[in-house]
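Structure first, commentary second.
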Amino acid sequence: MDSATTQGAHELPQRITAGFEKLALALKTSVWHGASSAGLSATQAQIVALVAARGSRTGLRLADIAEELAITPATASDALRALVAKELIVKGRATGDARALAVRTTEKGSAVAARMSGLSTFLATAVGELSPAEQEALQLALVRLISRLQDEGRIPFARMCANCVYLRTHVHADDERPHHCALADTAIGARDFRFDCPEHVRADAPRIAAQRVALGIAIG
């Protein structure tokens, strides 16, 4: 491999990273404007969206919120206190453990969360313009990248199909949907993989490793 080829191989990851930074900036700006228009800080807006998506039935505990958003419990507590005062969040008892506190969105909070969920539609529209093959390749690449970053402790654990106990790999003859979700009892393919499934149950480490190998996204 000549020096120019070697240099190009090193430059491409940096260029792709710069591209991700541009996408992150666009999303951050959109969330900031949306949060500001709702009278919320970015952290408060993220918590409302998270609780609406994941805590509607059982509620979410403070520790879960802090872990999911990679913030300190103190920061989460301060934000929740403000959200309770704004009547967007209500505190109650966790389902299955009457001794533990959990939070849920109020009707007003759910409405705010619904508005916040539409802030990333511009990016979904852009992704939708990629070809089906490009979308699937991007999906698997993101699964692999997120898996690596969570293994390194750089991002919170992602509730993805790839690390879920309900995933069964390569059990169907269908090339487009060769895998199976045991919870939904349905065939799925890479295009169906989720990054934040509310019904997700984390598989143990050996199973996650085996599923990554089966999906062709093993880290190493």
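Listed values, structure above:
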read-out	value
Candidate set: the stretch 151-162, residues that are closer than 19 Å to L69 by Cα and not acidic (D, E); chosen: the one modelled with the highest pLDDT	M160
Test result for R154, free of Cβ contacts under 8 Å to residues at least 60 places away in the same chain, surrounded by 15 or more Cβ atoms within 10 Å (Cβ to Cβ) and of a type in the set (K, R)	no
Close pairs from the stretch 173-197: first of a type in the set (V, I, T), partner surrounded by 15 or more Cβ atoms within 10 Å (Cβ to Cβ), Cβ under 8 Å, at least 6 apart	T186/H180; I188/C161; I188/R177; I188/H179; I188/H180; I188/C181
Given (1) at pLDDT below 95; (2) part of a loop (DSSP other than H, G, I, E, B); (3) in contact with a Pro (Cβ under 9 Å, 6 or more places away or on another chain), number of the condition D175 does not satisfy	(3)
Any hit, the stretch 200-211, residues being surrounded by fewer than 15 Cβ atoms within 10 Å (Cβ to Cβ) and either at pLDDT below 90 or part of a loop (DSSP other than H, G, I, E, B) (or both)	yes
One residue from R154, R148, R144 being of a type in the set (K, R) and in a loop (DSSP other than H, G, I, E, B)	R154
Any hit, the stretch 98-105, residues being closer than 13 Å to Q46 by Cα, modelled with pLDDT under 90 and of a type in the set (K, R)	no
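The values are calculated or read from the model by the stated rules, or taken from the named source; none is laboratory data. Treat the numbers as computed from the prediction; the structure is a model and nothing was measured. Note: ideal-geometry Cβ built from the backbone for every residue, glycine included; neighbour counts use all protein chains shown.
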